[in-house]
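Have a look at the structure that comes next, please.
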Amino acid sequence: MSTWPEQIEFIALDVENASEDYASICQIGIVAFDQGKVVGKWGTYVNPQMQFTNTWIHGIDENTVKDAPLVPEAIQMLADHIQGKPVVHHTHYDRAAVKKACLIHEIDNPLTYTLDSARILRRVNPLFLTAGYGLKNACLHYGISTDGHHDAVFDAEMAGKLVVMLMEESQTQISDWVDRLKKHHTSSRFPERIQMEGAENMPLSGKTVVFTGTLSQPRKDCAEMAAAAGLKVWDGVNAQTDYLVVGIPPYTHVRDQKPTGKHKKALQMIEAGSAIQILSEEEFFAILEDATAAL
């Protein structure tokens, strides 16, 4: 469409990256939805000024983006289109990529309210509770075309159409999920203390994870995903802890973040010889996805 619509229910977002670095955004795509229909599309290539190692995935290389806007300009363009609307993305990756790029370039993150369509999928359809919730697999299940997968605009449209079908299946509205997100933001200062036993015979069975800091989604959701992959979820760092997942507030720069008590204890234990791995939220989700990809 030549003009961006005024009436928008939600916006679906997808980004492609030049490498494994979350900040190496090389393409941004968004698709606007209203009343279950596509009402607008926008996308741009982005020059991340980084080396390309993911060209085999999406076909984008240094030559493709040589005249494209740099990351700060592209994110400002994204912000101009979003203007505070709810933004849907599939899994944590797109949100995390924009967040890290904003932190590195010291610019405001335009993603105010985000909804993970993979999380909605896992709640609406039990078939995808522990595995198989990748975008392509989910869309194939719901009869959504995947031709053009790994183009940012096309993938954004896939994620948006998936959400529309999930809303119909669960008889909910996008506002229902936004309200849940708002409740999480208002209560995240005092996160829940959650303990869960991990599922047996799963890739991460026998290992223990602890969460600390402000996560981008409810701690209970993170704990449920961890337990489904086999991880025991505990609320304190001890000798049995394998992973400590450290979240930070969305508008806090990493260098300004003060360690929590759990984080300090883990650092002390590591200095004394412990094998605890301290992970960012993004690294934690990547481990979960790798562990369940073959299931």
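Where a number appears in this text, it was derived from the coordinates with a stated rule and is not lab data. The shown structure was predicted, so the numbers you read here are calculated from the model rather than taken from an experiment. Cβ coordinates were reconstructed from backbone atoms using ideal geometry, including for glycine residues, and neighbour counts include every protein chain displayed.
Set the Förster distance to 41 Å, then compute FRET efficiency between Q171 and T146 from the Cβ-Cβ distance, nearest 0.05. Before the final figure, lay out the partial values.
Numbers: r = 26 Å, r/R0 = 0.63.
Here the calculated transfer efficiency is 0.95.
Still on this structure, please answer the following. Within 11 Å, Cβ to Cβ, of G160, how many net charges do the neighbouring residues add up to if Lys/Arg are +1 and Asp/Glu are -1?
Numbers: positive: K37, K41, K161; negative: E9, D14, D34, D155, E157.
Neighbour charge sum, excluding G160 itself: -2.
Just to verify a number: FRET efficiency for Q195 and A272, C-beta to C-beta distance, R0 = 30 Å, to 0.05? Mind showing how you got there, number by number?
Numbers: r = 25 Å, r/R0 = 0.83.
My answer for the efficiency is 0.75.
For the pairs K85/K264; K85/K232; K136/K262; K85/K220; K41/K258; K161/K232, note any where the Cα-Cα span goes beyond 30 Å. Don't skip to the answer; put the middle values down first.
Values: K85/K264 37 Å; K85/K232 36 Å; K136/K262 37 Å; K85/K220 25 Å; K41/K258 40 Å; K161/K232 34 Å.
Over 30 Å apart, Cα to Cα: K85/K264; K85/K232; K136/K262; K41/K258; K161/K232.
Still on this model: What full-extension length gain, to one decimal in nm, is calculated for D67 and E20 as 0.36 nm per residue of separation minus the Cα-Cα distance?
Numbers: separation 47, 0.36 × 47 = 16.92 nm, distance 2.22 nm.
The D67-E20 span can extend by a further 14.7 nm.
So if we plug the beta-carbon distance of K264 and Q49 into 1/(1 + (r/R0)^6) with R0 = 41 Å, what FRET efficiency do we get, rounded to 0.05?
Working: r = 36 Å, r/R0 = 0.87.
Computed FRET efficiency for K264 and Q49: 0.70.
What list do you get for I75, I276 if you sort them by fewest beta carbons within 10 Å? Before the final figure, lay out each step's value.
Working: I75 23, I276 20.
The fewest-first ordering by Cβ neighbours comes to I276, I75.
Continuing with this model, one more query. Cut-off is 10 Å between beta-carbons; in what order do I287, I270, I25, I194 appear when sorted fewest neighbours first? Before the final figure, lay out each step's value.
Details: I287 21, I270 14, I25 27, I194 17.
So the residues, fewest neighbours to most, are I270, I194, I287, I25.
Once the Cα atoms of helix 219-228 and of the chain are each reduced to a long axis, what angle between those two axes, in degrees from 0 to 90 to the nearest 10, is obtained?
80
For L70, enumerate residues with amide H under 5 Å from its amide H, sequence gap 5+ or separate chain, H modeled in the peptide plane.
Here N47 satisfy the definition.
Same structure, new question: Got a sec? How would L129, L204 order by Cβ neighbour count within 10 Å, fewest to most?
On the way: L129 14, L204 23.
Neighbour counts put them in this order, fewest first: L129, L204.
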